[in-house]
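Written below as structure tokens is the structure these notes are about.
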Amino acid sequence: MTTTDKPTQENTLGSPSPDEPGAQTLTLSVGPQHSGSGHMRLIVELDGDIILNAQPDPGYVHRGIEKIIELRNIIRSIPVIERPSIIDASNLNHAWVRAIEELQGVEPPARGQYLRCLLNEMNRIMSHLYWLSIYGVFLGHTTMFMWPLGDRELFIDLAESLTGARITYSYLVPGGVRRDLPQGFAEEAIKRTEYFEKRLDEYENIFFKNPLFTSRAKGVGVLSRQKAIELGTTGPTLRGSGVDADLRKDEPYAAYGELDFKVHTRPDGDSYSRVMVHVDEMRESSQLIRQILKKLPSGPVRRKAPIVVPRGEAYGRVESARGECSFYMIGEGGDKPYRARYITGSYRNMAAISAVLEGVRLADMPTSWWSIDYWPVEADR
Amino acid sequence: MNLSHEREDYLIKILKENFPNDIKDATAIRRSRINVTVAPEKIVDVALFLRDKLAFDHPTGVSAVDYNRESRFEIVYHLSSATNPDQRDILINLKESVPRNSPKATSLVKIWPGVENFERESIEMFGLQFEGHPRPEKLFLNDNWDGPPPMRKEVRFPTD
């Protein structure tokens with residue numbers, strides 16, 4: 001903690017003249033600490049308790065994944081590319097296989113495409129729930145920490161029965177998915193999503209309508225529509241500022257072109273809007289899971305695909321829980337890519353942190369930047 | 001799904017008409033994906049045209065690629081459109097090449113503020129220079145990192 005002006009006798013004794021410029025600005029280093037999601041630091045400049053400027057300082061969980069995946073074959077890279085966001089593993093996995101399949105010219109069978117969407121939507125709910133629980137912690141609302149984490153187990157169990165793993169599935173492979181639905185999955189999934197939607201109503205009563213939350217989220221941390229676009233934000237952050245962009249609709253991939261769903265937006269761009277976009281999306285994803293299971297076509301789940309990245313370039317992108325996740329892949333014909341650029345939703349939304357925090361009170365800082373759904377590990381890669 | 005390239009061809013035509021000498025190459029590599037290669041000294045003009053006239057106002061990322069065998073780096077700006085819903089799926093890869101021994105480019109932060117972090121990452125990971133970048137400091141690497149830019153092709157892992 002340092003004062004930005006030179007330490008004079010007056011202000012080190014705690015009696016600065018209020019007229020002196022900069023006498024009350026303070027530069028605060030928040031972190032590096034584990035803020036619920038991996039280490040990161042914010043450098044915050046304050047006037048009293050009002051934030052004048054906040055700069056993110058990422059990199060504490062940087063793993064050099066872009067380098068690692070240049071050196072491994074495309075199958076061995078799958079567990080690696082899932083690591084930046086283990087709570088949303090299948091969506092990142094999907095972007096990876098989309099880029100590869102585009103270069104290979106391989107189209108997975110219809111059932112495989114539906115199963116990909118099924119796990120993607122389950123992941124979206126799981127990721128949003130994890131995010132919501134940390135949001136609850138930041139507000140000091142212990143129930144909102146416990147409930148979403150507890151209800152997340154409903155979907156973790158389902159994912160485990162589908163893929164064999166609780167969080168990092170490596171379920172999507174070039175050409176399709178690793179295995180078919182287990183017996184009795186559909187009945188169990190329908191039961192659980194219906195129960196989960198009832199739980200969301202209970203969340204509403206205890207949290208989303210609670211003045212503890214609304215008074216500290218409405219009108220706080222506003223990101224205008226114009227700013228959200230020019231800063232290149234994506235996902236719930238962009239939709240919370242009134243832009244109805246969603247790759248599942250804009251560039252329908254896998255089975256999304258055949259599914260019926262809405263893109264949820266809110267016009268205000270404040271912390272409250274971004275939270276409510278997440279909540280609306282969880283309801284939509286529950287509905288989508290049931291719809292996928294109802295429309296699920298029969299047939300194989302996987303087609304043969306070579307372990308090779310043909311010469312050429314591709315840009316595979318999907319709508320992950322935190323926005324667009326993409327791989328810009330350049331192939332040379334070997335079993336590994338020449339270059340695989342990995343751009344995640346959190347990395348793009350990092351640009352919005354300063355914009356959102358400007359003018360916010362220090363006490364509202366944790367919830368305001370967390371409402372962007374910035375996941376440090378996913379940004380650092 | 002409509003498989004024609006009408007919208008892509010139209011965008012390419014407009015770009016070529018307005019910059020007949022500056023655009024080295026413009027092709028639709030598939031539906032919704034357009035590659036545009038420009039000379040580094042003209043990239044600002046083309047970028048402004050893309051943003052203001054064609055509504056590519058939403059930067060989705062910047063990639064640098066090390067083509068060490070050709071002694072050049074390629075810088076690729078990935079651009080999409082948020083305000084025009086009819087071209088939300090279209091992604092323009094705006095490319096420029098800089099020589100490996102003098103990797104200088106012009107920063108486009110003034111045109112798309114969202115590219116700031118991506119350009120910063122290219123500076124530290126590839127050793128590129130972006131003139132006019134407001135904050136050319138380390139982003140992910142340590143401030144005291146003094147090794148080579150780690151994403152360059154000649155940098156290998158000890159176990160590799």
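Using only Cα atoms, locate the centre of the range B:117-138 and the centre of the range B:17-65, then give the distance between them in Å, rounded to an integer.
So the separation of the two Cα centres works out to 20 Å.
Mind checking which lysines have their C-alpha under 17 Å from residue A:209, skipping anything on the same chain fewer than 8 residues away?
Output for residue A:209: A:198, A:218.
Once amide H atoms are built 1.01 Å from N in the peptide plane, which residues 5 or more positions from residue B:56, or in another chain, come under 5 Å H to H?
B:51
With r as the distance between the Cβ atoms of residue A:354 and residue B:142 and R0 = 25 Å, compute the FRET efficiency 1/(1 + (r/R0)^6) and round to 0.05.
Efficiency for this residue pair is about 0.70.
Rounded, prolate or oblate: which fits the range A:124-280, taking a ≥ b ≥ c as square roots of the Cα gyration tensor eigenvalues, rounded meaning a/c under 1.5, else prolate when a/b beats b/c?
Here the range A:124-280 falls in the oblate category.
Could you list A:371, B:97 in order of exposure, starting from the residue whose Cβ has the fewest other Cβ atoms within 10 Å?
So the residues, fewest neighbours to most, are B:97, A:371.
Could you work out Rg/(2.2 N^0.38 Å) for the range A:68-113, with Rg from alpha carbons only?
1.20
Please report the relative contact order for the range A:234-333, taking Cα pairs under 8 Å with a sequence separation of at least 6, and give it as a percent rounded to a whole number.
Numbers: 122 pairs, mean separation 29.0, N = 100.
Value for the range A:234-333: 29 percent.
For chain B, modelled as a Gaussian network with Cα springs under 10 Å, which listed residue fluctuates most, B:131, B:116, B:96?
So, out of B:131, B:116, B:96, the one fluctuating most is B:131.
What percentages, rounded to whole numbers, describe P(r) for chain B computed over all alpha carbon pairs with 10 Å bin width beginning at zero?
Each 10 Å bin holds this share of Cα pairs: 10, 38, 32, 15, 4, 0.
Less than 17 Å apart at the alpha-carbon level, and either on another chain or at least 8 residues along: which lysines does that give for residue A:262?
Straight-distance partners of residue A:262: A:249.
Check the straight Cα-Cα distances from residue B:53 and name the lysines below 22 Å, setting aside those fewer than 8 residues away within the same chain.
A:227, B:13, B:16, B:24, B:42, B:95, B:110
Which whole-number percent is the relative contact order of chain B (Cα, under 8 Å, 6+ apart)?
Relative CO of chain B lands at 17 percent.
Taking the beta-carbon count within 10 Å as an exposure proxy, list A:325, A:117 from fewest neighbours to most.
Fewest to most other Cβ atoms nearby, the residues stand as A:117, A:325.
Given H placed 1.01 Å from N in the peptide plane, which residues other than close sequence neighbours of residue A:240 have an amide H under 5 Å from its amide H?
Sorted by chain and number, the residues that satisfy this are A:266.
Can you sort B:130, B:56 by how many other beta carbons sit within 10 Å, fewest first?
With the sparsest Cβ surroundings first, the list reads B:130, B:56.
Which of these, A:121, A:70, A:324, has the largest mean-square fluctuation under a Gaussian network model of chain A (Cα springs below 10 Å)?
Result for chain A, Cα springs under 10 Å: A:70 fluctuates most.
Where nothing but the Cβ of Lys and Arg (+1) and of Asp and Glu (-1) is charged, how large is the charge dipole of the protein assembly as shown around its Cα centre, in debye to the nearest 20?
1660 debye
Using the basic label-point model (7 angstrom from Cα toward the beta carbon), what is the residue A:179 to residue A:86 distance in nanometres?
2.0 nm
Using Cα-Cα distances under 8 Å and only pairs 6 or more residues apart, what relative contact order does chain A have, in percent?
25 percent
Taking the Kirkwood radius as the inverse of the mean 1/r across Cα pairs, report the Rg/Rh of chain A.
Looking at chain A, the ratio lands at 1.02.
Laboratory data are not the source of any read-out in this text; all were calculated from the coordinates shown. Bear in mind the structure is a predicted one, so any value in this text is a computation, not a measurement. Please note: Cβ atoms are built from the backbone with ideal geometry, for glycine as well, and neighbour counts cover all protein chains shown.
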